[in-house]
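Q: My structure is below; once you've seen it, I'll send some questions.
Taken together, the values in this text are just the output of simple stated rules run on the coordinates, not laboratory data. The structure presented is a predicted model; accordingly, all values stated were derived computationally and were not measured. Here the Cβ is made from the backbone with ideal geometry for all residues, glycine too, and neighbour counts use every protein chain on show.
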Amino acid sequence: MGWLTSTLHLQVTPAQVAAAVRAGVYVVLGIGLARLTAVTVTRATRHMGAQERVLLRRLASYAVLALFLASALREAGFRFDVLLGAAGILTVAVGFASQTSASNMISGLFLMLERSIAIGDVINVSGTVGEVLSVDLLSTRLRTFDNLMVRIPNQTMVTTLITNYNRLPIRRFDLQVGVAYKEDLAKVEQALLDIADRDPLCLEDPAPLLIAMGFGASSINYQLSVWAKRENWLELRNRITREVKAGFDELGIELPFPHVSLYTGSVTEPFPVMVMNPAAVTGASAPSGAAATPPEAEA
Amino acid sequence: MSVGMSEAALDSPWWGEMELTPGELRHWHVGPYRLWVRAMALEWRLWSLSSVDAMGEEVVLGAEAQDAEVPAEAALTRVGLSSARPVLELRPALADRDVVVRPDTPVAVPAGVRLELYVTTPVWIVARAGGNVPLLDEPSLRLSDTWFGPNTLEGELAYAIRTAARLELEELPRRPHRAITKVVVVNGARETLVLEKLKVPVAGLVLYTSQRSGLWTDQVTLERKQGGGVAEASVGAGPNVPGVDAERIAEPRVTTPSRFSLNAFGRLLGV
């Protein structure tokens with residue numbers, strides 16, 4: 001220590017050294033006690049939800065740490081009355097500087113109190129779908145299903161539309177299906193309802209719903225709405241699509257591709273078709289791919 | 001050993017213990033449910049398959065089987081044990097959720113009438129290795145899921161079955177994989193009550209075996225009071241059917257007092 005004071009030309013008194021040691025002890029003790037508090041609060045709040053547990057744990061440990069840091073600063077000779085004297089100016093300065101952060105913090109508190117989302121929920125925020133990992137003081141962290149971490153500011157979370165997929169125990173899937181115009185619609189409707197009835201993942205109540213959506217360009221369109229237990233929703237979605245295809249194939253019901261009908265100007269006459277000699281095509285001056293016009297069609 | 005379902009099958013129940021030879025494949029068939037079991041030195045292998053034939057009556061008890069007989073679609077369960085004792089115990093158990101029973105045709109219960117009806121629900125097959133090690137617990141027949149509640153926000157998940165809801169016990173077909181529940185409906189209101197569906201709280205009932213008449217559950221009583229809305233639902237101790245010598249075989253999955261308010265009457269009946 002002597003070489004340091006002589007080098008820096010400092011005059012450190014034993015009282016100052018003792019104060020610095022005390023401040024250090026406060027810091028170490030504060031960190032230790034904050035961790036102990038976090039563990040204790042986590043254990044004591046086992047009956048609560050993950051969200052509340054994280055919030056309480058952080059509040060308690062930060063409060064303990066703040067107290068000890070304040071004590072350490074006082075021991076180190078930091079005068080809080082000076083800080084309080086400058087508080088007015090400081091508040092304005094800090095207020096301007098941390099406007100966004102403060103907004104995020106308050107939004108985070110609202111999010112926690114509102115309980116619209118919880119840790120572990122699968123949510124959709126403006127098109128980003130993922131599992132909620134944490135709702136922190138400033139932001140909410142999501143893990144998307146392709147394993148990307150997304151950080152969303154709490155202010156955005158409060159002002160944007162959020163869809164929570166985990167909140168309710170049952171969920172509906174709407175299957176859009178089109179059938180050919182030639183089909184017997186009563187038979188189609190019965191086939192769709194029978195398929196839903198046979199699938200054990202499809203809830204019997206609420207009952208499957210069949211809606212005729214109208215006449216499409218190439219098909220008559222239906223919507224088959226079936227309900228499933230939330231955990232089975234994806235499986236039902238895959239199964240019901242497979243079952244409808246298999247069921248329609250078995251019953252000979254056509255699932256049409258988009259159809260385009262071409263008519264001649266007179267509507268009734270078919271298009272004339274002529275098989276060309278490849279050699280003649282090569283030698284012709286007509287552009288490649290263009291069909292030669294038969295003489296009778298020109299008439 | 002194959003047993004055609006009739007009095008003979010009821011006389012020789014499919015549950016119980018059986019000692020297996022290590023490495024040997026054995027086969028059980030209980031109504032729509034089929035099970036193949038092989039006990040190995042440190043592992044159990046169980047292949048199970050449930051057909052869609054809800055009316056299945058065949059019973060096969062631990063017959064010797066060949067690997068080629070196991071269908072490819074059978075689900076395989078492997079359980080590793082530090083020291084496998086080749087004793088297999090098969091037990092029936094009631095469903096792990098309540099069952100919503102919907103009669104094929106709604107039954108009208110006029111005012112002041114006390115009605116007894118019988119409904120049957122498929123049992124779960126519970127397999128354990130010697131030393132009470134759980135191996136398997138699955139339905140003998142895959143039941144359709146359903147939601148039971150006033151709307152899609154409030155309610156609970158249950159299983160759904162359709163039943164003839166027979167009023168005469170003698171008319172009830174006996175099947176090895178189904179347990180019978182006697183439901184007593186008392187309509188104390190002034191209006192006729194139409195039973196379109198009712199929830200049988202099987203998860204809270206005791207399962208019994210009867211020497212001569214298969215599997216039974218506790219009796220369930222639903223009583224509609226004069227006012228119409230308020231009612232009491234209770235579970236009786238035992239099947240409460242004359243001539244049925246009930247012996248307790250499985251405890252309720254949900255621990256409940258012997259007599260309790262199950263739910264509002266309207267919720268049990270879905271009205």
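Q: Within the range B:150-200, list the GluC sites (Glu not before Pro) lying in a DSSP loop whose Cβ has at most 14 other Cβ atoms in a 10 Å radius.
A: Those that pass, being in a loop and sparsely packed, are B:154, B:168, B:191, B:196.
Q: Continuing with this model, one more query. Going by the alpha-carbon gyration tensor, a ≥ b ≥ c the square roots of its eigenvalues, is the range A:39-90 rounded (a/c under 1.5) or, if a/c is not under 1.5, prolate (a/b greater than b/c) versus oblate?
A: Oblate.
Q: Right, here's the next one. Once you average over the residues of A:203-212, how many Cβ atoms of partner chains fall within 10 Å of each Cβ?
A: That average works out to 4.
Q: Please give the length that would be gained between residue A:115 and residue A:46 if that part of the chain were fully extended, namely 0.36 nm times their separation in residues minus their C-alpha to C-alpha distance (nm, one decimal).
A: This chain segment gains 23.1 nm when fully extended.
Q: Shifting gears a bit: Calculate the mean, over all residues of peptide A:169-181, of how many other protein chain Cβ atoms lie within 10 angstrom of the residue's Cβ.
A: Shielding by partners across A:169-181 averages 1.
Q: Based on alpha-carbon centroids, what's the gap between the range A:163-219 and the range B:24-42 in Å, whole number please?
A: One Cα centre to the other: 39 Å.
Q: Taking the Cβ-Cβ separation of residue A:148 and residue A:242 as r and a Förster radius of 35 Å, what is the calculated FRET efficiency to the nearest 0.05?
A: FRET efficiency, residue A:148 to residue A:242: 0.70.
Q: Along Cα→Cβ, 7 Å out, is where each label goes; now give me the distance between the ones at residue B:254 and residue A:98 in nm to one decimal.
A: 5.0 nm
Q: Compute the label zone of residue B:162 within the range B:118-145: residues whose backbone N is under 14 Å from the point 7 Å along Cα-to-Cβ.
A: B:144
Q: Now for a different question. Go ahead and run the numbers for FRET between residue A:163 and residue A:90, Cβ-Cβ distance against an R0 of 51 Å, rounding to 0.05.
A: Plugging the Cβ-Cβ distance into 1/(1 + (r/R0)^6) gives 0.75.
Q: Set the bar at 21 Å for Cα to Cα. Now go through A:187/B:199; A:182/A:245; B:197/B:225; A:229/B:199 and name every pair that lies beyond it.
A: The pairs that break the limit, which is 21 Å between Cα atoms, are A:187/B:199.
Q: Kindly provide the Kirkwood hydrodynamic radius of the range A:170-251 in Å, to one decimal, from all pairs of distinct alpha carbon atoms.
A: That comes to 12.8 Å for the range A:170-251.
Q: I want to make sure I understand the PRE zone here: with the label point 7 angstrom from the Cα of residue A:230 toward its beta carbon, which residues in the range A:102-118 have backbone N atoms less than 16 Å away?
A: Counting only backbone N, you get A:115-118.
Q: May I pose another question? Do any trypsin sites (Lys or Arg not before Pro) in the range A:156-188 lie in a DSSP loop with no more than 10 other beta carbon atoms within 10 Å, and if so, which?
A: In loop regions of the range A:156-188 (DSSP not H, G, I, E or B), the sparsely surrounded trypsin sites (Lys or Arg not before Pro) are A:182.
Q: Quote the FRET efficiency, to the nearest 0.05, computed for residue B:194 versus residue A:128 with a Förster distance R0 of 35 Å and r equal to the Cβ-Cβ distance.
A: For residue B:194 and residue A:128, the calculated efficiency is 0.10.
Q: Count, for each residue of B:145-155, the Cβ atoms from other chains sitting within 10 Å of its Cβ, then give me the mean as a whole number.
A: Mean inter-chain Cβ contacts per residue within 10 Å come to 5.
Q: Taking the Cα centre of the range A:115-164 as origin, sum charge times position over the Cβ atoms of Lys and Arg (+1) and Asp and Glu (-1), and report the length of that vector in debye to the nearest 20.
A: 100 debye
Q: Same structure again: Of the options A:109, A:160, A:125, report the single residue whose Cα projects farthest towards the positive end of the charge dipole of chain A (beta-carbon charges: Lys, Arg +1; Asp, Glu -1).
A: A:109
Q: I need the shape label for the range A:115-164. Rule: rounded when a/c is under 1.5, else prolate if a/b > b/c, else oblate, with a, b, c from the alpha carbon gyration tensor.
A: Here the range A:115-164 falls in the rounded category.
Q: As an exercise, identify the chymotrypsin sites (Phe, Trp or Tyr not before Pro) in the range A:138-184 lying in DSSP coil whose Cβ has no more than 11 other Cβ atoms within 10 Å.
A: Of the chymotrypsin sites (Phe, Trp or Tyr not before Pro), the ones in loops of the range A:138-184 whose Cβ has at most 11 other Cβ atoms within 10 Å are A:145.
Q: Quick one: dipole size for chain A, taken about the Cα centre, charges +1 on Lys/Arg Cβ and -1 on Asp/Glu Cβ, in debye to the nearest 20.
A: 2420 debye
Q: Taking the Cα-to-Cβ direction at residue B:66 and at residue A:136 and moving 7 Å from each Cα, how far apart do the two end points lie in nm?
A: Going from the residue B:66 label point to the residue A:136 one covers 6.5 nm.
Q: If you take the charge dipole of the range A:140-277 about its Cα centre, with +1 on Lys and Arg Cβ and -1 on Asp and Glu Cβ, which of A:196, A:177, A:232 is farthest toward its positive end?
A: A:232
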